[in-house]
Amino acid sequence: MQTLQERLTRLLECPETTSQSLPDLGLYMDQLLSLVNRQATNNDDLLTRTMVNNYTKDGVLARSQQKKYHRYHILLLLMLSKLKQVLSIQEIKALFNPVLRNIDSPHDDILPLEEVYDLFTELKAADLQAFCDEAQASSLRLTERLTHIEDDESKLALERFLTVLLLAAQAEFARRAAKELIADYFMEKPESGVEQE
């Protein structure tokens, strides 16, 4: 049985792809899906042809160039695979608009998408390490709080239950925080001063 620390360490060991390690030559749809899906950390991250087509129609993925996809497309899809777990397409589009400006023209972005992606992966690695450190500390506090339970099997079951409950609560809080930030900073608000009938 793996300890919580061993499991978290194993999850951290999945290296994130850097933008420069991705091909910048034209890939056909099947090649694109194969490449992006190899980066998936779980089945929820897997992309299909239909999803790629819908993302393009929804304006969160640049159109292919003569049926070929380049590094810009791959980076967008890698980010979309993370965001789609938490946000709606409308929220993703609102998030992308001020930064990527024109999804079909990478030259209009505030920063090149490669820089944005690499900065994201760098910050993510540090944040996930801090998260794992705090999860381990939380697990130790939990163990201390349950010393009065004498049956080891019952204590272990309760520790696991509370650990999963805490992780789920943290994930739900992070999801709500992301949605609130999008609503506050990225979604269009009705103009004030417009008279209501």
For this session: Sort out which residues of segment 17-33 are of a type outside the set (A, V, I, L, M), closer than 18 Å to residue 114 by Cα and in a helix (DSSP H, G or I), and write them in order of number.
Result: 19, 20, 21
Problem set entry | Selected residue (only one of 178, 168 is assigned to a helix (DSSP H, G or I), at pLDDT 90 or above, out of contact with any Phe, Trp or Tyr (no Cβ under 8 Å at 6 or more places or on another chain) and surrounded by 12 or more Cβ atoms within 10 Å (Cβ to Cβ)) | 178
Problem set entry | Filter result (part of a helix (DSSP H, G or I), among the polar types (S, T, N, Q) and modelled with pLDDT of 90 or more) within segment 68-112 | 90
Exercise. Which numbered condition trips up residue 88, out of (1) touching a residue at least 60 places away in the same chain (Cβ under 8 Å); (2) open to solvent by less than 50 Å² (accessible area, probe 1.4 Å)?
Worked result: (1)
For this session: Kindly indicate the residue of segment 55-73 that is touching a residue at least 24 places away in the same chain (Cβ under 8 Å) and out of contact with any helix residue (DSSP H, G or I) (no Cβ under 8 Å at 6 or more places or on another chain) and also most open to solvent (accessible area, probe 1.4 Å) among those meeting that condition.
Result: 66
Seminar exercise, completed: residue 45 meets each of (1) closer than 21 Å to residue 75 by Cβ; (2) within 14 Å of the chain's Cα centre (by Cα); (3) open to solvent by 30 Å² or more (accessible area, probe 1.4 Å) with one exception, condition (3)
Exercise. Do we have any residue at all in segment 130-147 that's among the acidic types (Asp, Glu), more than 21 Å from the chain's Cα centre (by Cα) and not in a helix (DSSP H, G or I)?
Worked result: no
Exercise. Quick check: anything in segment 154-162 open to solvent by 90 Å² or more (accessible area, probe 1.4 Å) and either within 20 Å of residue 16 (Cβ to Cβ) or in a helix (DSSP H, G or I) (or both)?
Worked result: yes
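The values are calculated or read from the model by the stated rules, or taken from the named source; none is laboratory data. In this text the structure is predicted, and so the values were computed from the model without any measurement. Here Cβ is always computed from backbone atoms with ideal geometry, including for glycine, and neighbour counts include all displayed protein chains. Note: areas computed on protein heavy atoms with side chains; ligands, DNA, RNA excluded. Shrake-Rupley method; radii C 1.70, N 1.55, O 1.52, S 1.80 Å.
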